[in-house]
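Enquirer: Before we start, here is the structure in question, set down as structure tokens.
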There are 2 protein chains.
Amino acid sequence: MPGDASTTGTFLQGLERGLAVIRAFSAESPSLTLSEVARDVGISPATARRILLTLEELGYVRSDGRRFLLTPRVLALGWAYLSSLDLGDIAGPFMEELSAKTQESCSIATLDLPDIVYVARVPTSRIMTVALGVGVRLPAYATSMGRVLLAGLPEPELAAYLSSLKAEELTDRTVATTDELRKVIGRARTDGYAMVDQELELGLRSIAVPILDSRGRTAAALNVSAHVARSTVASLRTDVLPPLLECADHISTALRRRGRL
Amino acid sequence: MPGDASTTGTFLQGLERGLAVIRAFSAESPSLTLSEVARDVGISPATARRILLTLEELGYVRSDGRRFLLTPRVLALGWAYLSSLDLGDIAGPFMEELSAKTQESCSIATLDLPDIVYVARVPTSRIMTVALGVGVRLPAYATSMGRVLLAGLPEPELAAYLSSLKAEELTDRTVATTDELRKVIGRARTDGYAMVDQELELGLRSIAVPILDSRGRTAAALNVSAHVARSTVASLRTDVLPPLLECADHISTALRRRGRL
């Protein structure tokens, strides 16, 4: 029921702003002053101060005199989501099997527009394990999992996403115009899978399929990604797609049986 | 400045309760009704409703009629902390090197009492990759990283932790009495490392050292963990400890140079 809270006057602005303050911290801004927080979030310095002092008292923020930093307690918030999905236990064994079978890494992501968010990952090699872990966000339009997830959106949501999208040509192969994206997303809907060939990053190919909930709606996406040196577009389709579809089906069944979808 | 916000009347209760509602979801409670949220957090149903509707409008919660669930947007909160640490980029290469050298997995954790929280991990094999990833929480007292982090606490904080601790004997080897824990934590402080031999889980040994900030305080812990079949207590000390200390030193230097510690 979007809109309900604000139209009925029950909306808690302090909560909204507090969450926005947490999200103001990033790799580019690992520590922030009170006035930087006020500016970044668009609130008064007095409000920023109240929020930062509250977060500090709750242990989510620490202060080094003038600058504020997040604490590891913040991870408990993300962890609440991950553990409620319980993908590690439920999907983990199937993903291990798929990764062993294909000799490639596989991942599960969900949609938080305009991004996809990695919620589980089984790497093959140690390379990029730390860098591309759970919680990582990538632009939906340029990833195979993103296209599968976009294909599962109701038409009005997809239209809203596409109309506000500022797609970048991340490589010279990136499909980045709205018309073309509409076509590839439509194709993903028809085919039941999406393939991205070096559109996110040169050297990287990826193929993804949906994980469906009990009503047949797309709840998440499962992919296998491979370096171009180890795969062709044809081999992904003939060798990887069948076990990928089978794995998504197993995960979907297991998640539904455990009441997670 | 703990206590400041509440004593000066600037404390935002709506923010505190909103964060508590997010944390009420877990593997055991992946979805909650309004009255379950009210009961678990200790707030009135009317307040629970305001918070849930606000979180829903902000996209952190979705509702399936009667039951509420977290959405992947919640991960963006934890991600703000992880990306502000930027460990993937900064510590990743050193961890890869240590893991290659020792042929064992290595991790970095920070303290959020009474737990440690994994903030980076390089697995050796695919086993447990999904299950023991970033964001995982383990009890500080039974882990090598926990003991190193506890050894770095100011005495009053350590005393407060130990006095409220309900330590469990997770295996028949777990040091779980306050007196004994005080001793092993003191030893970790003197030795500059901590080893745990199957105290968390039978079959698992682990050795950890501190990552120090510019003032010589313990900011995080780095460990190598190994199955008993592949390691002895002596081999961890003679073969793993030296590269582990060297790696922690490299990471500490790199983090300080980038202003993260």
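Enquirer: Evaluate Rg over Rh across region B:209-260, taking Cα atoms for both radii and Kirkwood's formula for Rh.
Expert: 1.08
Enquirer: To continue, here is another question. If packing is taken as the average count of other Cβ atoms within 10 Å, what order do B:241-249, B:37-45, A:11-19 fall into, highest mean first?
Expert: Averaged packing, sorted descending, gives the order A:11-19, B:241-249, B:37-45.
Enquirer: Could you check which residue among B:T178, B:T218, B:T71 shows the biggest mean-square fluctuation in a GNM of chain B with a 10 Å Cα cutoff?
Expert: Most flexible of the set in this elastic network: B:T71.
Enquirer: Could you give the dipole magnitude of chain A about its Cα centre, charging the beta-carbon of Lys and Arg +1 and that of Asp and Glu -1, in debye to the nearest 20?
Expert: 400 debye
Enquirer: Here's something else I'd like to know. Assuming 0.890 mPa s and 25 °C, estimate D for the protein assembly as shown with Stokes-Einstein, Rh taken as the Kirkwood radius over Cα pairs, in µm²/s.
Expert: Translational D for this selection: 102 µm²/s.
Enquirer: Of B:P242, B:L202, B:A142, which is farthest along the charge dipole of region B:77-257 in the positive direction, counting Lys and Arg as +1 and Asp and Glu as -1 at C-beta?
Expert: Towards the positive end, the residue furthest out is B:P242.
Enquirer: For A:S44, place a label point 7 Å out from Cα along the Cα→Cβ vector, do the same in each other copy, and report the separations in nm, one decimal, smallest first.
Expert: Distances to the matching label points in the other copies: 2.7 nm.
Enquirer: With chain B treated as a Gaussian network of Cα nodes joined by springs under 10 Å, which of B:A194, B:A20, B:A109 yields the largest mean-square fluctuation?
Expert: Ranking B:A194, B:A20, B:A109 by mean-square fluctuation puts B:A20 first.
Enquirer: Considering all alpha-carbon pairs of region B:37-85, what whole percent are spaced by more than 15 angstrom?
Expert: 53 percent
Enquirer: Report, in debye and to the nearest 20, how large the dipole of region B:50-122 comes out about its Cα centre when Lys and Arg carry +1 and Asp and Glu carry -1 on their Cβ.
Expert: For this selection, approximately 440 debye.
Enquirer: Taking H as built 1.01 Å from N, whose amide H comes closer than 5 Å to the amide H of A:T33, not counting residues under 5 places away?
Expert: Here A:F68 satisfy the definition.
Enquirer: When Lys and Arg each count +1 and Asp and Glu each count -1, what net charge do the other residues less than 15 Å away from B:A159, Cβ to Cβ, add up to?
Expert: After counting each charged neighbour, the total is 0.
Enquirer: Starting at the first residue of region B:14-30, write each ³J(HN,Hα) from the Karplus equation 6.51 cos²θ - 1.76 cosθ + 1.60 with θ = phi - 60°, in whole Hz, x for Gly and Pro.
Expert: x, 5, 4, 5, x, 5, 5, 5, 4, 6, 6, 7, 6, 4, 6, 10, x
Enquirer: Let's see if you can work this out: charge +1 on each Lys and Arg Cβ, -1 on each Asp and Glu Cβ, no other charges. What is the dipole magnitude of region B:4-70 about its Cα centre, in debye to the nearest 20?
Expert: It works out to roughly 180 debye.
Enquirer: Restricting attention to region A:204-261, which trypsin sites (Lys or Arg not before Pro) occupy a DSSP loop and are surrounded by at most 13 other Cβ atoms within 10 Å?
Expert: A:R215, A:R217, A:R258
Enquirer: Still on this model: Using +1 at the C-beta of Lys and Arg and -1 at the C-beta of Asp and Glu, which of B:V21, B:A159, B:S107 has the Cα lying farthest in the positive direction of the dipole of the protein assembly as shown?
Expert: So the residue furthest toward the plus end is B:V21.
Enquirer: List the distances, in nm and shortest first, from the label point of A:R237 to the matching label points in every other copy, placing each point 7 Å from Cα along the Cα-to-Cβ direction.
Expert: 6.1
Enquirer: May I ask you to derive the relative contact order of region A:106-245, considering only C-alpha pairs under 8 Å and at least 6 residues apart, and to give it as an integer percent?
Expert: The value is 24 percent.
Enquirer: If you put a point 7 Å past Cα along the Cβ direction, how far is that point for B:R62 from the same point in each other copy, in nm, smallest first?
Expert: Distances between equivalent label points, in nm: 3.6.
Enquirer: Determine which aspartates and glutamates satisfy two conditions relative to A:K183: a Cα distance under 20 Å, and not lying fewer than 8 residues away in the same chain.
Expert: Within reach: A:D115, A:E155, A:E157, A:E168, A:E169, A:D172, A:D191, A:D197, A:E199.
Enquirer: Less than 10 Å Cβ to Cβ from A:L58, Lys/Arg counted +1 and Asp/Glu -1: what total charge do the surrounding residues give?
Expert: -2
Enquirer: To continue, here is another question. How many partner chain Cβ atoms sit within 10 Å of a residue's Cβ in peptide A:95-108, on average, as a whole number?
Expert: Going residue by residue through A:95-108 and averaging, the value is 1.
Enquirer: Sticking with this structure for a sec: Would you work out which of A:P123, A:F68, B:G78 lies farthest towards the positive end of the dipole of the protein assembly as shown, given +1 charges on the beta-carbon of Lys and Arg and -1 on that of Asp and Glu, about the Cα centre?
Expert: A:F68
Enquirer: Grab the eigenvalues of the alpha-carbon gyration tensor for region B:36-192, scale each by 5, take roots, and send me the semi-axes largest first in whole angstrom.
Expert: 34, 24, 14
Enquirer: In a Gaussian network model over chain B where Cα atoms closer than 10 Å are linked, find which of B:G146, B:G92, B:G65 has the largest mean-square fluctuation.
Expert: Greatest mean-square fluctuation among the candidates belongs to B:G65.
Enquirer: Roughly how far apart, in whole Å, are the Cα centres of region B:203-259 and region A:70-107?
Expert: 25 Å
Enquirer: Ok, one more. Which value results when the Cα radius of gyration for region B:4-70 is divided by 2.2 N^0.38 Å?
Expert: Its radius of gyration relative to the 2.2 N^0.38 Å reference: 1.14.
Enquirer: Roughly how tilted is helix A:92-102, in degrees to the nearest 10 and between 0 and 90, from the longest Cα axis of chain A?
Expert: 40 degrees
Enquirer: Expressed as an acute angle from 0 to 90° and rounded to the nearest 10, what is the orientation of the C-alpha long axis of helix A:155-164 relative to the principal long axis of chain A?
Expert: Once rounded, one gets 70 degrees.
Enquirer: Here is a further query. To the nearest whole percent, what portion of all C-alpha pairs in region A:146-261 is separated by more than 24 angstrom?
Expert: In whole percent, the long-distance tail amounts to 29.
Enquirer: Continuing with the same structure: For the rotation bringing A onto B, which A residue has its Cβ nearest the axis, and at how many Å?
Expert: Nearest Cβ to that rotation axis, in whole Å: A:G78, 1.
Enquirer: So what J values fall out for region B:140-149 if you push phi through Karplus, 6.51 cos²θ - 1.76 cosθ + 1.60 with θ = phi - 60°, rounded to Hz, Gly and Pro as x?
Expert: Rounded to whole hertz, the list is 4, 5, 9, 10, 5, 5, x, 5, 5, 5.
Values quoted throughout were computed directly from the atomic coordinates according to the rules given, and no laboratory measurement underlies them. Everything numeric in this text was worked out from a predicted model, so none of it was measured. Virtual Cβ from ideal backbone geometry, glycine too; neighbours counted across all protein chains shown.
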